[in-house]
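Following: one structure in structure tokens, then a few remarks.
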């Protein structure tokens, strides 16, 4: 099978997808923004060909690259795994006759108000939402639905640019911020109270063939606001436990969202909330999750999830089932101040207590500049671990968050 992969060199984990595709026998043709010599021997060796463009989000340039490869061989698929690349990739597929996720489905997965409207029409429970293009429209929505509210870019990824507003003053301040950034239309929605998590899948012809359920502690917006929090997320190995009916609800919600949005063969990443109003859909991406989630799934199941994705794409079948051996999670460790790393404490204690269960850790060197709290779970230091018992894994992550301190200034 001949597959074009969008931007194989950046960010760094893109290489994992290329190597996975090559490992299952695909001929992988890369289209990216890096010069050929920047790819390095290992990545270059995994590619059957490479075409440099000025921007992988420029549809005209991407069409030229794809037609170059189509002039040499039959192209079976074009894959993009970064949120910002999914729409250009869909448009290029449409123009060059390559099968895959459609422009319409990609648009629904990118444009949050349209996504939620489609799901509400199909009876999928989700928050009230709208696209607003003026302060007047935002205030009308607030008058109708009440506070608190969530504002976010219409096509953003994850929690990037997402703001909670609790009253009219905060709403005006947030709208002014979006205006300064040049946003002409934003998504506004009802704040859904409850616990937050995500449900990820690999689908084949619209059918879920692999899936994982993962929990945030605390919820993302809270985690991205407070330096003192050492936030975590943890994927459970109890998703198949028949005594826990909640995961059956999550799976059914995911299945319905995939069906309504027309997702066929793809990785997906769906956010959900569970609270007083029950289980509620938040949003879905037609792509793999970020922040190393597939690394955790691989460690938890003793299966290379990247290779599983590649096998489904290339051979249209599953190679290995998920084993659910472990629960696995990450805890982010925030510097106590902005500036530069001065040192760490507590690492040896954690190693002594949990060494056999640790997957890995990342500790930027002394002198390295810190990144802002809102930059995410892997922006500064972090530790990842796994354990056969979900509750034990959670308590270990909590303890690491209390024990390890990142000193900066």
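The values are calculated or read from the model by the stated rules, or taken from the named source; none is laboratory data. Bear in mind the structure is a predicted one, so any value in this text is a computation, not a measurement. Every residue, glycine among them, receives a Cβ derived from its backbone with ideal geometry; neighbour counts consider all protein chains shown.
Worth a mention:
- Criterion violated by residue 298 - all others in (1) assigned to a helix (DSSP H, G or I); (2) buried (at least 22 other Cβ atoms within 10 Å of the Cβ) satisfied: (2)
- All positions within segment 275-313 that are more than 29 Å from residue 359 (Cα to Cα) and touching a strand residue (DSSP E or B) at 6+ places or on another chain (Cβ under 7 Å): 275, 279, 280, 281, 282, 283
- Checking the stated criteria, residue 15 turns out not to satisfy the condition of being over 30 Å from residue 378 (Cα atoms), out of contact with any strand residue (DSSP E or B) (no Cβ under 7 Å at 6 or more places or on another chain), at pLDDT 95 or above and not in a loop (DSSP other than H, G, I, E, B).
- Residue within segment 22-36 that is in a helix (DSSP H, G or I), at negative phi and surrounded by 15 or more Cβ atoms within 10 Å (Cβ to Cβ) present: yes
- Candidate set from segment 271-284 (those that are surrounded by fewer than 23 Cβ atoms within 10 Å (Cβ to Cβ) and under 17 Å from the mean Cα position of the chain (by Cα)); member that is modelled with the lowest pLDDT: 282
- Entry remark, segment 234-259: residues being more than 19 Å from the chain's Cα centre (by Cα) and surrounded by 19 or more Cβ atoms within 10 Å (Cβ to Cβ) number 2 in total.
- Test: residue in segment 255-263 that is within 21 Å of residue 322 (Cα to Cα) and in a helix (DSSP H, G or I): yes
Let's see how each residue does on (1) in contact (Cβ under 8 Å) with a residue 40 or more places away in the chain; (2) crowded, with 16+ Cβ neighbours inside 10 Å:
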position: 90; (1), (2): no, yes
position: 93; (1), (2): no, yes
position: 97; (1), (2): no, no
position: 110; (1), (2): yes, yes
position: 114; (1), (2): no, yes
position: 126; (1), (2): yes, yes
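- Members of segment 234-257 that are in contact with a helix residue (DSSP H, G or I) (Cβ under 8 Å, 6 or more places away or on another chain) and within 21 Å of residue 152 (Cβ to Cβ): 257
- The lone criterion from (1) buried (at least 17 other Cβ atoms within 10 Å of the Cβ); (2) modelled with pLDDT of 85 or more; (3) closer than 14 Å to residue 132 by Cα left unmet by residue 154 is number (2).
- Residue in segment 379-393 that is touching a helix residue (DSSP H, G or I) at 6+ places or on another chain (Cβ under 7 Å), surrounded by 14 or more Cβ atoms within 10 Å (Cβ to Cβ), within 11 Å of residue 333 (Cβ to Cβ) and assigned by TED's automatic domain parsing to the domain that holds residue 334 present: yes
- Of the strands (runs of 3 or more DSSP E) lying entirely inside segment 39-132, those carrying at least 2 residues that are under 26 Å from residue 250 (Cα atoms) are 129-132.
- The condition of being surrounded by 18 or more Cβ atoms within 10 Å (Cβ to Cβ) and touching a helix residue (DSSP H, G or I) at 6+ places or on another chain (Cβ under 9 Å) holds for only one of 59, 66, that being 66.
- Considering residues of segment 355-396 that are without any contact (Cβ under 8 Å) to a residue 24 or more places away in the chain and assigned to a strand (DSSP E or B) only, the residue farthest from residue 300 (Cα to Cα): 362
- Top-ranked residue of segment 175-228 - restricted to ones that are touching a helix residue (DSSP H, G or I) at 6+ places or on another chain (Cβ under 6 Å) and modelled with pLDDT under 95, ranked as farthest from residue 257 (Cα to Cα): 227
Residue by residue, here is whether (1) outside the structural domain of residue 81 (by TED's automatic domain parsing); (2) part of a helix (DSSP H, G or I); (3) under 17 Å from residue 219 (Cβ atoms); (4) in contact with a strand residue (DSSP E or B) (Cβ under 9 Å, 6 or more places away or on another chain) holds:
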{"site": "141", "(1), (2), (3), (4)": "yes, yes, no, yes"}
{"site": "152", "(1), (2), (3), (4)": "yes, no, yes, yes"}
{"site": "169", "(1), (2), (3), (4)": "yes, yes, no, no"}
{"site": "176", "(1), (2), (3), (4)": "yes, yes, no, no"}
{"site": "199", "(1), (2), (3), (4)": "yes, no, yes, yes"}
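- Test: residue in segment 327-348 that is in a helix (DSSP H, G or I) and at pLDDT 95 or above: yes
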